[in-house]
Amino acid sequence: MALTPVVLALSASGEATAHRIAAVIGAHVHGRENRVQKADAFFANALDHARDLFAAGRPIVGVCASGILIRGVAPLLADKTTEPPVISVSDDGSVVVPLLGGHRGANRLAAQISNALDATAAITTAGDVSLGVALDEPPEGWRLVNPHDAKEAMAILLSGAGATFLGADAHDATWLQGLPQGDGLRITCSAAPQSDLGPDHLQFAPQRFALGVGCARNCPADELSELVANSMAEARIIPHAIASVNTLTLKADEPAIIALANTFGVPMRVFDAQVLEAETPRLQTPSDVVFAEVGTHGVSEAAALAQAGDAASLHVAKRKTANATCAIATAPAPLIELRGRSRGRLSIVGIGPGQATWRTPEVSKLVSEAQELVGYGLYIDLLGPLAVGKERSDFPLGGEEDRCRYALEQAGKGKNVALVCSGDAGIYAMGALVFELLDRGPDQMGVSDAARRVDVVCSPGVSALQGAAARAGAPLGHDFCAISLSDLLTPREDIVKRLQAAAQGDFVIAFYNPVSMRRRTLLAEARDILLQHRPADTPVMLASSLGRPEEHIRYRNLADLEVDEVDMLTVVLVGSSHSKLAQLGTGPRMYTPRGYARKIDGDLA
């Protein structure tokens with residue numbers, strides 16, 4: 001999905017300009033703390049915040065010096081074909097400079113802003129400056145078939161050779177009509193296959209075609225893709241002309257259909273049976289058998305027509321194999337606003353301990369793409385400006401199952417939902433509960449069939465034990481384990497068994513949930529069990545509020561560990577019998593040797 005830009009205001013002198021820009025492009029304003037009076041969200045460090053937004057794929061319009069934005073995103077620059085637009089605007093709004101992503105929307109956005117502000121757009125991309133067009137950035141509804149040839153094709157035009165326009169849809173390619181005429185470059189605007197594309201021959205395909213598909217459960221992906229390929233070849237339609245892959249809601253999780261949409265690089269859209277049934281008068285091959293099974297007289301033809309609209313017609317009637325069907329509808333104009341709904345996605349994300357620099361770029365991107373954020377309110381708050389402008393559903397501690405069920409059901413409606421967890425979502429967090437709900441049967445308080453069909457994405461986060469270990473030094477340098485001391489979900493006797501086994505195994509141990517307001521004894525019991533198997537001076541690290549301004553790190557000997565100095569936000573790292581607490585010039589550092597000294601001495605040769 002296209003992400004909404006963010007306008008950054010770094011000073012009072014640029015604040016008014018930032019709000020003018022935001023009103024024009026429909027964006028939120030993020031303001032620098034203590035320097036900007038009014039904003040939708042505030043940030044403390046401009047470089048960190050710009051970097052975080054860029055990593056999340058958000059277009060950035062900074063009302064500030066260009067150098068600030070450049071320094072902020074520079075460490076992340078890697079691939080100009082995927083990086084989001086970055087634009088700087090002077091405080092007085094007189095100059096607009098697209099810094100990055102010129103051919104990914106920055107030039108177009110800069111022109112929109114400059115027109116609204118009556119400013120100068122300092123566009124430096126050669127094609128935009130000389131010809132007013134970027135060949136590798138066609139408007140929505142069109143796709144360049146051979147983008148790797150666009151650079152050399154633009155060089156031909158810049159040399160003054162001119163272009164010749166070919167194809168049935170050339171009259172609709174209005175954005176190209178200002179190019180100089182000539183025989184240096186051929187530009188074909190058509191959905192039909194071309195055999196001689198290259199630097200001197202570009203093809204733009206209008207996405208006027210909607211592909212409808214249906215299949216039996218677990219249909220082989222090759223069978224469906226071959227059927228579609230043969231049908232398109234027969235109709236002389238190239239894949240680039242397909243706007244979307246469309247099917248019945250019941251098929252939203254069908255692997256073959258999902259793979260087909262991914263192969264084409266287009267959205268997959270699904271329709272309820274009653275919507276497809278309304279298309280019955282336009283079907284060429286209605287089926288009572290299909291109606292009896294799924295509630296509509298056609299799937300592939302109906303889905304294609306439902307997507308292409310009332311003015312559409314069937315270009316390819318239903319074709320079928322033993323397990324699959326397909327049909328193609330054509331619309332009079334490129335399909336830009338797609339109908340139906342998406343499959344729905346639930347991203348289970350771990351945001352780390354809380355600070356933005358410990359949040360992975362993948363997690364930031366998934367959060368930015370999400371329409372709705374679900375989670376414990378504190379965790380969503382820790383996202384800071386990244387959560388601004390999004391629908392959010394806060395759940396209290398203790399509402400974990402309700403939280404996960406709600407997130408799945410919202411995704412089942414076709415929404416893009418992020419379930420926000422601290423640390424890593426798969427470590428003592430909501431990941432396991434989501435899959436447990438999906439695995440439960442209908443009579444076991446599971447979730448709806450719609451929720452079972454959503455795309456579930458898991459993204460790793462920095463866990464509390466990783467954060468604590470990094471602050472300490474390298475206490476996890478050898479074998480370690482994690483044990484939760486909460487007996488709310490795990491029987492106390494099971495926790496004690498694990499404590500005894502870990503103690504006997506001489507593991508470094510990370511204790512999660514060490515205490516609560518009412519649960520104060522298990523940590524002391526754990527300490528006493530460990531003291532039976534390792535020295536009294538075994539180093540222990542207590543790490544509270546990791547990665548947050550109130551972070552507090554301290555070390556104790558195992559024998560001196562007191563329950564009262566530990567709270568719910570503390571991770572307790574207990575060393576093995578081999579762990580050391582070294583007093584170095586930079587302060588105490590806890591580490592666990594792996595045995596390299598013995599290897600050097602020849603013991604392990």
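Read-outs throughout are calculated quantities, based only on the coordinates presented, and are distinct from any laboratory measurement. Everything quoted here is computed from the prediction, not taken from an experiment. When we count neighbours, we look across all protein chains shown, and the Cβ atoms used for this are built from the backbone with ideal geometry, even at glycine.
Quick notes
- The peptide list 319-328, 510-519, put in order of mean Cβ contacts within 10 Å with the highest first, becomes 319-328, 510-519.
- Segment residue 236..residue 76, full-extension length gain: 53.4 nm, with 0.36 nm per residue of separation and the alpha-carbon distance subtracted.
- Across the stretch 85-90, computed HN-Hα scalar couplings (Karplus, 6.51 cos²θ - 1.76 cosθ + 1.60, θ = phi - 60°) run x, 10, 10, 10, 10, 5 Hz from first to last residue, x flagging Gly and Pro.
- For residue 482, net neighbour charge (Lys/Arg +1, Asp/Glu -1) across residues whose Cβ lies under 13 Å away: -1
- Relative contact order (%) - the stretch 365-418, alpha-carbon pairs under 8 angstrom, separation at least six: 47
- Among the listed pairs 80/151; 318/413; 80/415; 365/390; 365/415, those with a Cα-Cα distance over 18 Å are 318/413; 80/415.
- Inter-centroid distance (Cα atoms) of the stretch 496-572 relative to the stretch 250-301, Å: 56
- Charge dipole of the stretch 339-429 (Cα centre as origin; +1 on each Lys and Arg Cβ, -1 on each Asp and Glu Cβ, all else neutral): 500 debye, rounded to the nearest 20.
- Counting only cysteine Cβ atoms and a cutoff under 4.7 Å, the chain contains unmatched residues 64, 189, 326, 404, 421, 458, 481.
- Calculated mean residue ellipticity at 222 nm for the chain: -8500 deg cm²/dmol, from DSSP H runs with n ≥ 4 weighted as -39500 (n - 2.57), summed, divided by the residue count and rounded to 500.
- Sorting the segments 34-46, 185-197 by their residues' average number of neighbouring beta-carbon atoms within 10 angstrom, most packed first, yields 185-197, 34-46.
- If the chain linking residue 229 and residue 16 were pulled fully straight, counting 0.36 nm for each residue of separation and taking away their Cα-Cα distance, it would gain 71.3 nm.
- Cα→Cβ-extended label distance, 7 Å offset, between residue 95 and residue 563, nm: 6.6
- Each residue of the stretch 455-469 was assigned a 3J(HN,Hα) from its phi angle through the Karplus curve 6.51 cos²θ - 1.76 cosθ + 1.60 (θ = phi - 60°); the sequence is 7, 9, 10, 10, 10, x, x, 6, 6, 4, 5, 5, x, 5, 4 Hz, with glycine and proline shown as x.
- Over the stretch 465-591: Rg over Rh, Cα atoms, Kirkwood Rh: 0.94
- Dividing the convex hull volume of the alpha carbon atoms of the stretch 500-540 by its residue count gives 74 Å³ per residue.
- The residues 202, 158, 499, 489, when put in order of fewest to most other Cβ atoms within 10 Å, stand as 489, 158, 499, 202.
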